[in-house]
Structure formats: structure tokens, C-alpha cells
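Data block below; observations after.
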Amino acid sequence: MYLYLYLNIFTILFPFALSFDKKVAFFKNWDALFPAILLNGLLFILWDVLFTKAGIWGFNEEYLTGIYIFNLPLEEILFFLTVPYACVFIYDVLNAYIPKDILQPYAKPVAMALMMVLILVAAFNASALYTSITFTLLTILHLVHLRYFGTTYLGRFYLAYLVHLVPFLLVNGVLTYLPIVWYNDSFNLGLRIVSIPVEDTMYSMLMLLLTISVYEALRQRKSIKQSELIAV
């Protein structure tokens with residue numbers, strides 16, 4: 001039963017089909033999206049390979065096609081395409097249909113509070129590698145994002161992140177409940193949202209913030225180049 005493959009297809013099917021909606025016109029941003037997804041994928045696949053080899057997590061062959069790349073299931077590789085695509089799509093849809101950046105005034109205080117909690121939890125759980133590495137990297141990424149963008153995109157990112165939690169809980173719930181993906185609780189806090197390790201919520205935030213940061217940087221560079229051409 002190729003359930004993990006079906007979940008990947010389900011994840012990307014509707015976002016891809018709706019990418020040609022006239023108001024959002026998501027396809028017009030593919031030139032910024034796919035390089036962002038590629039960079040994100042390269043980093044997270046390397047991380048995945050190392051964690052799988054260390055036994056921090058693994059995969060149930062009963063739900064896989066049996067095709068492996070870099071000792072990872074094909075479905076896991078596809079995950080780093082389908083999930084970022086779907087989540088950036090959510091981000092752009094919200095930007096198109098909710099013009100006001102309603103969370104922007106709260107973005108910096110939320111970021112500061114989140115970073116403080118993350119780094120403290122990471123410091124007191126250094127041996128729980130999934131927890132400490134994920135929380136530390138998310139703290140660093142927030143600092144980098146704030147350094148280069150301030151809160152220009154952060155409020156909109158947080159809104160998209162909150163909305164993405166609905167499909168996240170559905171898809172990741174299936175992955176971890178069966179389980180298609182299993183976790184060694186020696187390397188995490190052992191706290192779960194039903195069957196989902198709490199670290200997964202921050203892992204997802206890390207992946208999405210990296211993708212959207214690169215995505216917006218590329219769009220910003222494209223906009224500057226177009227402005228320069230018009231000026232000439």
C-alpha cells in the first residue's frame with residue numbers, strides 16, 4: 001500500500017490545480033519558488049539522511065513504494081517538494097485575499113518570545129538531538145530573517161503558518177499514527193499531539209520560514225531588477 005506516495009499527491013494536488021487562479025496567479029512566482037524549494041530540499045534531505053542513519057527517525061516499508069534515493073524513501077524526497085509548494089501556496093493565497101497584514105504589529109514580540117523559549121528548551125535538552133537541533137536552528141533562522149527583512153514578511157508568515165497547521169495536523173497525523181514515519185523518543189521531548197511529536201511543529205516552521213525567506217528574497221531581487229530596467 002503506497003500510502004505515503006498518496007499523501008504526497010494529496011498534498012500538492014489542489015495547490016497545483018489552483019496555481020492558475022487569476023487573483024493569486026501563483027504560477028507567475030515559480031521562478032522564485034522552485035529555487036527556494038531546491039535550496040530547502042538540499043539542506044533538509046541532508047539532515048534527513050543523517051537523522052535516519054542515526055536512528056532518530058525511520059520509515060515503515062509497509063507503506064512505501066520501495067524506491068530509495070540517498071537511502072531515503074522516494075516519498076520522503078517528494079515530501080520536500082510537495083509540502084513547501086503547498087505551504088507557500090497558502091502564504092500567497094492569504095496575501096492575495098487578505099491584503100491587510102493583521103499580525104504585523106505582533107510579529108516582533110512573538111518572534112522574540114518564541115526565540116527565548118526555543119533556545120531555553122534546546123539548552124536544557126541538549127541530548128535530545130531532534131529537539132535541540134531543530135529549536136536552535138529555528139532561533140538562528142529567525143535572527144537571520146529579522147536581520148535582513150525586519151518584520152516585513154514575518155506577520156504574513158505567522159498567519160500562513162497558523163493556517164497551514166490544519167493540513168499539517170491531518171497529513172502528519174496519518175504519517176505518525178500508523179506509523180509511516182516513526183520517531184525514537186530518546187532524541188525528543190516525548191511530548192505528542194496525539195501521535196505527532198511536538199518538535200514536528202517547529203520543524204515545519206523552520207522548513208517554511210527558510211523557504212519563504214529565500215522566496216521573498218528572490219522576488220525582491222526580481223522586482224529591483226525590473227525597476228532598474230524601467231528606469232533605464
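The values are calculated or read from the model by the stated rules, or taken from the named source; none is laboratory data. Please read these numbers as outputs of a predicted model, since none were measured by experiment. With ideal geometry, Cβ positions are generated from the backbone for all residues, glycine too; neighbour counts draw on all protein chains shown.
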Just checking, how many residues over the range 95-147 are surrounded by fewer than 16 Cβ atoms within 10 Å (Cβ to Cβ) and over 30 Å from Val24 (Cβ atoms)? 11
Scanning the range 190-212 for residues that are part of a helix (DSSP H, G or I) and touching a Phe, Trp or Tyr at 6+ places or on another chain (Cβ under 7 Å), the one surrounded by the most Cβ atoms within 10 Å (Cβ to Cβ) turns out to be Ile212
Does Ile90 fit the bill of being under 18 Å from the mean Cα position of the chain (by Cα), farther than 24 Å from Leu143 by Cβ and surrounded by fewer than 17 Cβ atoms within 10 Å (Cβ to Cβ)? no
Please work out which one of (1) in a helix (DSSP H, G or I); (2) touching a residue at least 24 places away in the same chain (Cβ under 8 Å); (3) over 21 Å from Leu137 (Cβ atoms) is the condition Asn40 fails and give its number. (3)
Pick out the one residue from Ser186, Ser227 that is part of a helix (DSSP H, G or I), modelled with pLDDT under 95, surrounded by fewer than 19 Cβ atoms within 10 Å (Cβ to Cβ) and of a type in the set (S, T, N, Q). Ser227
Please work out which one of (1) within 29 Å of Trp182 (Cα to Cα); (2) in contact (Cβ under 8 Å) with a residue 24 or more places away in the chain; (3) β-branched (Val, Ile, Thr) is the condition Ile69 fails and give its number. (2)
Here are some residues: Ile45, Ile102. Which one is β-branched (Val, Ile, Thr) and either over 19 Å from the mean Cα position of the chain (by Cα) or over 26 Å from Thr176 (Cβ atoms) (or both)? Ile102
Pull up the range 176-189, narrow it to residues that are in contact with a Phe, Trp or Tyr (Cβ under 6 Å, 6 or more places away or on another chain) and aromatic (Phe, Trp, Tyr), then point me to the one that is nearest to Phe79 (Cα to Cα). Tyr183
Find the residue count for the range 181-207, including only residues that are hydrophobic (A, V, I, L, M, F, W, C) and either touching a strand residue (DSSP E or B) at 6+ places or on another chain (Cβ under 9 Å) or more than 26 Å from Leu159 (Cα to Cα) (or both). 6
